[in-house]
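The values are calculated or read from the model by the stated rules, or taken from the named source; none is laboratory data. Because the structure is a prediction, the values reported are computed rather than measured. With ideal geometry, Cβ positions are generated from the backbone for all residues, glycine too; neighbour counts draw on all protein chains shown. Heads up: the accessible areas ignore ligands, DNA and RNA and are worked out on the full protein's heavy atoms, side chains in. Shrake-Rupley method; radii C 1.70, N 1.55, O 1.52, S 1.80 Å.
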Amino acid sequence: MSAAAGTMRAAPEPSMRRFARGGLLNLGGSAVAAASQFVLVGLVARAADDTVAGAFFVLIAFAQLMVVVPSLGAGTGLVYFIARRRAVGDKAGIAAALRSGLTPVVVTSVVVGVGVLVLAPSIAGWIGVADVEGADAAVRVLALAIPA
């Protein structure tokens with residue numbers, strides 16, 4: 001065996017290339033999302049007065065909470081169970097895991113969305129944006145987006 005033969009590297013497997021490409025795309029997507037958020041904050045902070053900009057950011061924070069809370073951590077559990085079913089070749093088990101993991105999330109999201117829709121004026125007061133014109137309507141729009 002020559003020294004040159006010992007330094008040769010095997011070509012990466014196609015699955016590893018696909019994995020690397022997916023990671024690179026995720027990194028790019030994260031960079032675009034971060035830049036978009038930065039630009040949005042800058043635009044809102046410059047275009048709106050302090051009260052409206054503050055209300056906008058409070059409503060965004062409220063919406064993020066109302067989207068995360070009803071998920072009940074199902075994403076983490078689904079990652080585990082889908083990977084496990086996939087490893088043993090149980091495709092029917094993947095569908096069952098998705099049904100059993102997503103059903104409570106959908107039901108909880110709809111209940112939370114309806115609750116926020118009904119309680120919109122009170123919620124606007126609780127989160128401190130009731131004095132801003134249109135805050136009730138904004139909370140209602142966010143309530144419609146929660147199940148989505």
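Within the set of pairs 6 or more residues apart or between chains, which connect a residue that is on the phi < 0 side of the Ramachandran plot inside region 81-93 to a residue that is hydrophobic (A, V, I, L, M, F, W, C) and open to solvent by less than 90 Å² (accessible area, probe 1.4 Å) with Cβ atoms less than 7 Å apart?
F81/A97; I82/I94; I82/A97; R85/I94; R85/A97; R86/I94
Could you grab the pairs with beta carbons closer than 7 Å, sequence gap of 6+ or different chains, first residue in region 40-64 and touching a residue at least 24 places away in the same chain (Cβ under 8 Å), second one outside any helix (DSSP H, G or I) and surrounded by 15 or more Cβ atoms within 10 Å (Cβ to Cβ)?
As it stands, the answer is T51/V132; V52/V132; A55/V129; A55/V132; V58/I127; V58/V129; L59/V129; F62/I127, since those pairs meet every condition given.
Of (1) modelled with pLDDT of 85 or more; (2) surrounded by 10 or more Cβ atoms within 10 Å (Cβ to Cβ), A20 satisfies all except one. Which?
(1)
For region 80-121, enumerate the residues that are among the hydrophobic types (A, V, I, L, M, F, W, C) and open to solvent by less than 50 Å² (accessible area, probe 1.4 Å).
Selection gives I82, I94, A95, A96, A97, V105, V112, V116, A120.
How about region 122-137: which of its residues are open to solvent by 30 Å² or more (accessible area, probe 1.4 Å) and not in a loop (DSSP other than H, G, I, E, B)?
Answer for region 122-137, where residues must be open to solvent by 30 Å² or more (accessible area, probe 1.4 Å) and not in a loop (DSSP other than H, G, I, E, B): S122, G125, W126, D136, A137.
Considering only region 11-37, state which residues are farther than 23 Å from L59 by Cα and under 22 Å from the mean Cα position of the chain (by Cα).
Listed by number, the residues that qualify are F19, R21, G22, G23, L24, L25, N26, L27, G28, G29, A31.
Just give me the residues in region 38-60 being surrounded by fewer than 11 Cβ atoms within 10 Å (Cβ to Cβ) and within 16 Å of the chain's Cα centre (by Cα), in sequence order.
Result: no residue meets the conditions.
Those residues that are of a type in the set (S, T, Y) and either assigned to a loop (DSSP other than H, G, I, E, B) or modelled with pLDDT of 90 or more (or both), I need them from region 57-79; list them, please.
Once the filter is applied, which keeps residues that are of a type in the set (S, T, Y) and either assigned to a loop (DSSP other than H, G, I, E, B) or modelled with pLDDT of 90 or more (or both), region 57-79 yields nothing.
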